[in-house]
Amino acid sequence: MLAVVTIREVAQRARVSVGTVSNVLSESEKVRPELRKRVEEAMLALDYSPNQIARSLKTRTTKTLGTIVSDITNPFFPQLIRGAEDAALDRGYLLITLNTDDHVDRERRALALLRARKVDGVLLVMAPDDGEATHIAAALSNGTAVVCLDRMPRGIQVDSVTVDNRKGARMCMHHLASRGHRRIGMLSGSPALHTAKERLEGYLDVIREHGWPEIPSLIRHGDFRLDSGYRIAKEMLLEAEPPTAIFASNAMMGFGALKAIHELGLHCPEDVSLAVFDDFPFGDVIQPRLTVVAQPAYEMGRRGAELLIGRIEGREKTTGPVQIELSPELIVRGSTAVRR
Ligand code: RIB
């Protein structure tokens, strides 16, 4: 059984006080660089690793954040998590990520698990919820630091980092209108989801501004997953008067629409243009290269983690909620063309 190296042995080896070693471990700025270097070298030489559990009991913090997202197999979320993790690690925090598959009951369980593990705070991408998100209100009221990312709960004042979805949808629709499209299909997400609801509003804004008819068969609701995008796009394209362009409320449903287009022997953008909300690492590689409304997902995660840690460490003094809204960007590639 290897002897456990103590903090005192590290201090002796580094020729510093135990207090200095403790300040290095707590990431205190008070330690002079040359002393920090000696402590780190001593820890390495002695193969010392602090007992985080013991430290947590003493400091009543675990230096751990929970992140709850919809589904990390969707390329939007890894970008967001990466931004959060980079900010967390820079400040000595660990990230634990859980998925909800957009089910509120899984979200409740995830929140309960993270609180039981005494995480110092939670970054939350909410599942669609028709209720008033009482589990989030309860977490907040008992002192759990929460920052909502991407989606906003109804009726709850909470720190958040989101994107102006309605503006992004309007940008996309104006682009399609500029290419001569009038019959534009909308593959929307769940109406219970804040992001899907705002994107649908942006779609309808532009239709109304142009005085075009609102055609019910051109608006269909999926669940932000590929299969639902495939199903509703295929239904739409088999209508007597199919759309000349499709706007997908997220990338996964956009991929589903591409599958339907190819399966029906159609070509994008020659027969039907396609624009999607969300960019992803290979958006510029697949054929056709997709026209997207890109979200700053990495930035959203990073800013959210910084805000959350600022709250945890008492540096964020704003009494009311801090609500950061980032801007989307339209990137025109090869999947949208002038209507034939
Ligand atoms: O693709 C997942 C979607 O859910 C993204 O558009 C993101 O905004 C989230 O709402």
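The values are calculated or read from the model by the stated rules, or taken from the named source; none is laboratory data. All of these numbers come straight from a predicted model, not from anything done at the bench. Here the Cβ positions follow ideal geometry from the backbone for every residue, glycine too, while neighbour counts run over all protein chains shown. Just so you know, the surface numbers come from the protein's heavy atoms only, side chains and all, with ligands and any DNA or RNA stripped out. Shrake-Rupley method; radii C 1.70, N 1.55, O 1.52, S 1.80 Å.
For segment 224-243: of the residues being over 24 Å from K167 (Cβ atoms) and in contact with a Ser or Thr (Cβ under 8 Å, 6 or more places away or on another chain), which is surrounded by the most Cβ atoms within 10 Å (Cβ to Cβ)?
M236
Scan segment 213-222 residue by residue and report those that are away from the ligand (no atom under 16 Å from the Cβ) and outside any helix (DSSP H, G or I).
Selection gives P213, E214, I215, I219, R220.
Please state which of the following conditions A169 fails to meet, knowing it meets all the rest: (1) aliphatic (A, V, I, L, M); (2) over 21 Å from the mean Cα position of the chain (by Cα); (3) assigned by TED's automatic domain parsing to the domain that holds S273.
Here A169 meets the rest and fails (2).
Per-residue answers, yes or no, for (1) open to solvent by 10 Å² or more (accessible area, probe 1.4 Å); (2) more than 27 Å from the chain's Cα centre (by Cα):
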residue: H174; (1), (2): yes, no
residue: S178; (1), (2): yes, yes
residue: R183; (1), (2): yes, yes
residue: S188; (1), (2): no, no
residue: A196; (1), (2): no, no
residue: L200; (1), (2): yes, no
residue: D205; (1), (2): yes, no
residue: G211; (1), (2): yes, yes
residue: I215; (1), (2): yes, yes
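Any chance segment 86-93 includes a residue that's at negative phi, crowded, with 19+ Cβ neighbours inside 10 Å and in contact with a strand residue (DSSP E or B) (Cβ under 6 Å, 6 or more places away or on another chain)?
yes
So P50 ticks every box in (1) touching a Leu at 6+ places or on another chain (Cβ under 6 Å); (2) modelled with pLDDT of 95 or more but one. Which box is left unticked?
(2)
Quick check: is even one residue across segment 245-255 modelled with pLDDT of 95 or more, away from the ligand (no atom under 14 Å from the Cβ) and open to solvent by 60 Å² or more (accessible area, probe 1.4 Å)?
Checked against the condition, which is being modelled with pLDDT of 95 or more, away from the ligand (no atom under 14 Å from the Cβ) and open to solvent by 60 Å² or more (accessible area, probe 1.4 Å), segment 245-255 yields no hits at all.
Which condition from (1) surrounded by 19 or more Cβ atoms within 10 Å (Cβ to Cβ); (2) of a type outside the set (G, A, S); (3) under 16 Å from D223 (Cβ atoms) is the one that C148 breaks?
Exception for C148: condition (3).
What is the one condition in (1) in contact with a strand residue (DSSP E or B) (Cβ under 6 Å, 6 or more places away or on another chain); (2) more than 16 Å from the ligand (Cβ to nearest atom) that E263 does not satisfy?
(1)
Six or more apart or on different chains, Cβ atoms under 6 Å: show the pairs whose first residue is in segment 69-83 and open to solvent by less than 20 Å² (accessible area, probe 1.4 Å) and whose second is assigned to a loop (DSSP other than H, G, I, E, B) and within 8 Å of the ligand (Cβ to nearest atom).
Once the first residue is open to solvent by less than 20 Å² (accessible area, probe 1.4 Å) and sits in segment 69-83, its partners that are assigned to a loop (DSSP other than H, G, I, E, B) and within 8 Å of the ligand (Cβ to nearest atom) give V69/V125; S70/V125; F76/D278.
For E270, all conditions in the list (1) surrounded by 15 or more Cβ atoms within 10 Å (Cβ to Cβ); (2) more than 16 Å from the ligand (Cβ to nearest atom) hold save one; what is the number of the exception?
(1)
Look through segment 319-329, keep the residues that are closer than 23 Å to S249 by Cβ and more than 12 Å from the ligand (Cβ to nearest atom), and return whichever of them is least open to solvent (accessible area, probe 1.4 Å).
Step by step, filter segment 319-329, then rank; the result is I324.
Inspect segment 97-104 for any residue being among the aliphatic types (A, V, I, L, M), open to solvent by 40 Å² or more (accessible area, probe 1.4 Å) and modelled with pLDDT of 95 or more and give the result as yes or no.
yes
Only one of these conditions is not met by K30: (1) at pLDDT below 95; (2) in contact with a helix residue (DSSP H, G or I) (Cβ under 6 Å, 6 or more places away or on another chain); (3) more than 24 Å from A11 (Cβ to Cβ); (4) open to solvent by 30 Å² or more (accessible area, probe 1.4 Å). Which number is it?
In the conditions (1) at pLDDT below 95; (2) in contact with a helix residue (DSSP H, G or I) (Cβ under 6 Å, 6 or more places away or on another chain); (3) more than 24 Å from A11 (Cβ to Cβ); (4) open to solvent by 30 Å² or more (accessible area, probe 1.4 Å), K30 misses (3) alone.
If you go through segment 273-318 one residue at a time, how many are closer than 21 Å to L80 by Cβ, of a type in the set (A, V, I, L, M, F, W, C) and surrounded by 21 or more Cβ atoms within 10 Å (Cβ to Cβ)?
Number satisfying all stated conditions: 12.
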